[in-house]
Structure formats: structure tokens, C-alpha cells
Amino acid sequence: MCRMASRLIPLITLVGTLLLTACTGREQASLLSARTTSAVHSSSSASSQKKNVSPSAAFYLGMFPASESSSAPVKPKGLRIPILVYHHLRENEGWAPTTWSAKMSVSPGGFARQMQWLVDHHYTTIDLNALTAILKGEQAGPAKPIVITFDDNNLTPYDIGLPILEQHGQIAVFYLVTERLDNPNFITRDKAKDLAARGMDVESHTVTHATLTTLSAAKLDWELQESKRVLEELIGKPVLHIAYPSTAHNKTVRDHAAKAGYITGTIMDPRPVTEKDDLMKLPRIMMLDTTDLAKVLP
């Protein structure tokens, strides 16, 4: 009896193991089927949603996925994201092409054609927070991201440019000089608040538009910090980006800007941004009526 029992125990154990494995296998298969069905439905739903929104809206609704990694973000490679800069939207009054009046002006019709060109070639406008997240590898962006910026509080970007932007479903960055907010010949406080309310990105262009590289440390900090404070109180949002007036910057200016709480600074340099660029000196392309977008954009 003892020898028979010793032979039966391993056999019973083996049968039990086989039965348990079969049951577990069926449960796992059932679970896998359920997960697959759910994933398919989710993917189908997401695809259906994407068909009903513009690229810009899809980006801000989170339909372009963020990185799934829970570890430190990895910078993407091969990025080329253009930042365009405009100053005035006005007709040329006979200025020679070499003058600053001509260099800093695009006609209203020329601006409208350029915005339509971006739509026709499937570019998606993003703001500077999105640009920063893409460059850091924290957020996947649209296929062809682009940033549009305006400097100096000039009225024509508000009066003429804003309706054209909205007509084409685009957003832009308005770098504002805070000393000019009380001057009716420029974008005022009320207009700045309206820009922010309509989805535009309101950022700093200092207090007085001073050449920052010529200032003492105390005056430099005041230009950087005071403009940030005024704009944040005005629009009720963090102001994290600055355009250096007259593109004047050096390591001291960039370090003080970072210490003041800015995460990007922009300059004039006619090329797209790459993942290798210093966030405190991102290049921008100055726009003219004669700019050939097919040649300057990636």
C-alpha cells in the first residue's frame, strides 16, 4: 500500500498541474481577447475623433500622444521647427529694400497669402510651451509644427493680423513691451487681455525695449522681471518666454533671463530650431513680402 501511495502521489500532482495550466491558459486567452477588443475600439474612436478636428485643435486636445516612457524624457533627433517673426503688417510706402521700415514690414495681403500657404502645406501652429515640450522630448508634436511671432506691440498685427490668423485657424505669439501698454498707438492692456482670451500666446519683450547687453545687472533684472510681473498680472497666466530687443544678447543676458524664470529666449537667425539649440537663444526667421516659404521652411 505504501509503495502504491508513493506512485499515486506524483501522478495526482501531475494531473492537477495540467488542469490548472489549462484553466489559466483559457483565462489568459479570454483576458487577452478582451484587451485586444478594447484597444481596437479605443483606436477606432480616436481615429474617428481625429477626422473631425483640425491639426491645431488635435494637438491641444492631446490627440498627438505624449511620450509613454516613465523615465527621463529623451530628446528627439532631426527636428527642424521654424519660428517666424513679424513686426508691421502694412503696405510699403516707397521704402528702399535696405531700410528697416521695409525689412520689418509685410503687406496685409502678403501676410494672408503666407498664412494660406501654411494651411495648404499642412503646417500646424503651436505656442512656445508646446515648442519647449517637443524640444525636450516631453510631448510629441504635429507632423509639421511652426511658431508665428509678432514683436513690439504694433497695432497692425492686432487689427489686421489677428482676424487673418483666426480665419485660418492659427495661433501666434505676441511679444509685448510693457511700457507701451498704456499708449493707445500700440497694443494696450485691454487688447493684450483680448489676445490671451482668444488663444494667442502673450509673452515678454521687456519693459522699455532697451538693448539688454548695455545695462547694469540691476537694470537688466528690472527689465526682465518687471515685464514678466506686469504681463502675468494682466493676463493671469505664467509668462515664460522672452524675445531680446534688437536680438541683443550675451551669456550674462541669457543667464539673468533664466534666473528671472524664463525658459526660452529668441533671437534673429534665419533657420529652423533644432533639438541641439540652446533654449535661451532660439533662432527666428524674419519675414518679408518677398520671402519664399518653400525655400526657408523644412
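Only the coordinates and a few stated rules stand behind these numbers; no lab work does. Here the structure is a predicted model, which is why all the values come from computation and not from measurement. Neighbour counts run over all protein chains shown; Cβ positions are idealised from the backbone, glycine included.
Values computed for the structure shown
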| item | result |
| --- | --- |
| Distance between region 136-188 and region 225-241 - C-alpha centres, whole angstrom | 15 |
| Share of Cα-Cα pairs in region 185-266 lying beyond 22 Å, as whole percent | 22 |
| Taking region 173-213 and dividing mean pair separation by its residue count, relative contact order in percent (alpha carbons under 8 Å, at least six apart) | 55 |
| Förster radius 22 Å - calculated FRET efficiency between H121 and T274, Cβ distance, rounded to 0.05 | 0.65 |
| Lys, Arg +1 and Asp, Glu -1 on Cβ, resulting dipole of region 218-274 about Cα centre, debye, nearest 20 | 140 |
| Amide H contacts of Q139 (H built 1.01 Å from N, under 5 Å, at least 5 apart or other chain) | S67, I134 |
| Cα-projected label distance for D292 with A217, points at 7 Å along beta-carbon direction, nm | 4.9 |
| Fraction of alpha-carbon pairs over 12 Å apart in region 240-298 - percent | 68 |
| Cα-based convex hull, region 152-298, per residue volume (Å³, whole number) | 124 |
| Loop trypsin sites (Lys or Arg not before Pro), region 184-273 (other Cβ atoms within 10 Å of the site Cβ: 15 or fewer; DSSP) | R198 |
| Three-way shape call for region 121-178 based on the alpha-carbon gyration tensor, with the a/c threshold at 1.5 | oblate |
| Integer Hz, Karplus 6.51/-1.76/1.60 couplings in order for region 98-108, x for Gly and Pro | 7, 7, 5, 4, 6, 5, 9, 10, 10, 5, x |
| For region 94-196, convex hull of alpha carbons as volume per residue, Å³ | 134 |
| Chymotrypsin sites (Phe, Trp or Tyr not before Pro) restricted to region 144-195 and DSSP loop, no more than 12 other C-beta within 10 Å | none |
| Loop-located trypsin sites (Lys or Arg not before Pro) in region 72-134 whose Cβ has at most 12 other Cβ within 10 Å (DSSP) | K77 |
